[in-house]
1. Taking only pairs six or more apart or across chains, which ones have beta-carbon atoms under 9 Å, a first residue in region 225-247 that is of a type in the set (S, T, N, Q), and a second residue that is in a loop (DSSP other than H, G, I, E, B) and within 10 Å of the ligand (Cβ to nearest atom)?
2. Quick one: residue 411 ticks every box in (1) buried (at least 16 other Cβ atoms within 10 Å of the Cβ); (2) farther than 30 Å from residue 434 by Cα except a single one, so which number is it?
3. Out of the residues in region 494-508 that are under 11 Å from residue 459 (Cα atoms) and assigned to a helix (DSSP H, G or I), state the one that is farthest from the chain's Cα centre (by Cα).
4. Among what's in region 127-148 and is crowded, with 23+ Cβ neighbours inside 10 Å and touching a helix residue (DSSP H, G or I) at 6+ places or on another chain (Cβ under 6 Å), pick the residue that is farthest from residue 207 (Cα to Cα).
5. Of the residues in region 450-495, how many are touching a residue at least 12 places away in the same chain (Cβ under 8 Å), among the aromatic types (Phe, Trp, Tyr) and farther than 30 Å from residue 520 by Cβ?
6. Looking only at residues in region 165-187 that are free of Cβ contacts under 8 Å to residues at least 24 places away in the same chain and assigned to a loop (DSSP other than H, G, I, E, B), which one is nearest to the ligand (Cβ to nearest atom)?
7. From 105, 38, grab the single residue that is more than 23 Å from residue 153 (Cβ to Cβ) and either touching a Gly at 6+ places or on another chain (Cβ under 6 Å) or not basic (Lys, Arg) (or both).
8. For region 106-147, how many residues are modelled with pLDDT of 95 or more and either at positive phi or part of a loop (DSSP other than H, G, I, E, B) (or both)?
Amino acid sequence: GLCLLSSLISTVAAGGPSRKQKNEDLVYTNANGAPVQDPTAFQVVGGSNGDDYKKVGPILLQDSNLIEMLAHFDRERIPERVVHAKGAGAFGYFQLTKPVNDLSDAAFLQPKAVGKKYKALVRFSTVGGEAGSGDSARDPRGFAIKIYTEEGNEDFVCNNTPVFFIRDPSKFPLFIHTQKRNPQTHLKDATAMWDYWNNNQEAIHQIMRLFSDRGTPYSFRHIHAFSGHTYKFVKKDGSFTYVKIHFLTDQGEKWLTNEEATTLAGTNPDHHTQDLFESIESGNFPSWKMYIQTMTPAQAESFKFSVFDLTKTWPEDTYPLREVGKLVLDKNPENYFAEVEQAAFSPSNQVPGIEPSADPVLQARLFSYPDTQRYRLGVNYNQLPVNCPLRANSPFQRDGAHAGFYKNNYGSMPNYQSSMKPMAYKSVPSPSHEEWVGKAVNFSSKVNDGDFEQANGEWLWMEGVGQQDNFVHNVAVALKGAHEDVREETYEMFTRVNGTLGERIREETEKEVKMAGEMKEKRAALF
Ligand code: HEM
């Protein structure tokens, strides 16, 4: 035993310098590169040998080391993402298994790409909470994927739900406000949340998903990712196909109950972040399979709902999943800020062969992401290493804050289309596959009974997996804090989903309201 121990000690010693041994080649400097003798010493007037605290006088303005360290520290934070602020990320690869060259000209989907490992980055997130909020909150999960291809970065900015709360993009800021904090109390506001939903009932399909236990996943590894929106796969010949994209987890779906999630938010608010990091660190690499659902334009015409309506899914028996590839995460970031916080995903990051559809929410997102990133990260955010495409050549975008990381700000290259030094063009599929003609109008969608069909489907699905009781309970605990008029309207909304559901939710919620009242009285009596 002793012998083994001493050999272990010597291996450790041989493995590198001891922690206390200083590396003489690595001298600490200030940001300007000048060596600093003692980085934590500060310049003061008086103080005899520099160690008598009784003699410490005022600090000198000439102490550039101290000033530089404090000034830099003062600027360490950038704005957090306005939504999806809390998240975790990892690197890995995308691998094509079944080519899609019949539908798209994208290089990474062609037969010759099969098997090639394209570097990928994924960032998982919750939506409503701040950067330090609990991972187990009831919320959709963001699942943003960046694939670095030879034709530019392909981003799939997905959620773990195939539908969304809105189909009118103008509602997004209003809806998100009701998920964030009350402008006066700075508290989460159940009245605002349910009042919004009662009056914008196109959200009902997503509400049904959110309040089953799928709204509180066990970890990031155990969720699927869905494009939600309809995209277009296009070819140079002018043909296009509508697609929805799915990444299905190989780990299987796994959820927390409301009570498990609530406990975890207190005992380990970073549970999902930790689970992802530690799984990858221990060689347990999470993976997903990519599938597409497809519709021809003619099929879309005859489909019951609009393919541009983000609150609807396409039935898988009629529009089956077609396998495309796999996504594996096998490398943790080395630096969270540089590689995850500064990552900029956008639905507008598309390669030739993949295009947005006319879905108005998607169209709005094409603007919103680059816009927020110019604000959050600065105008040259695409030059940051984590966002920089494998090959960028955009010398018409010059200067601005932090320009120069990439290709020395394009050096002496012409900053206009110069006939003296012309550049070649590559032919890519034209974006003019669709033709839209009509009057300009103010559009706002209306809710009708059709909007409750797929919501009812969710309720029936919950019956099959034994989730109905949990659903009723999960709604009740979230609704109990809302104003009573708002609660009444919410019961009516759920009655539209299913004849008896409204009553069940009323019973459970009012029980919760009563219990909460009693608890409050008990506490008041104690203190
Ligand atoms: C993040 C806007 C709908 C998925 C964001 C961000 C904004 C935004 C401004 C922050 C981006 C950043 O700071 O880098 C919007 C608007 C929407 C919308 C205006 C509708 C009009 C959606 C939908 C999905 C989605 C429908 C999913 C299908 C995500 C994800 C992130 C995100 C995954 C986090 C990306 C990351 O990890 O950096 N959204 N969003 N969003 N959004 Fe949306």
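The values are calculated or read from the model by the stated rules, or taken from the named source; none is laboratory data. Please read these numbers as outputs of a predicted model, since none were measured by experiment. Note that we place each Cβ from the backbone using ideal geometry, even for glycine, and neighbour counts take in every protein chain shown.
1. Matching pairs, first to second residue: 227/162; 227/347; 230/310; 230/359.
2. That leaves (1) as the condition not met.
3. 501
4. Only one residue tops the list, namely 135.
5. 2
6. The qualifying residue nearest to the ligand (Cβ to nearest atom) is 183.
7. Values: 105 fails: more than 23 Å from residue 153 (Cβ to Cβ).
The match here is 38.
8. Initial filter on region 106-147 (modelled with pLDDT of 95 or more): 106-114, 116-147.
If we keep only those that are either at positive phi or part of a loop (DSSP other than H, G, I, E, B) (or both) as well, we get 106, 110, 114, 116, 126-141.
The qualifying residues number 20.
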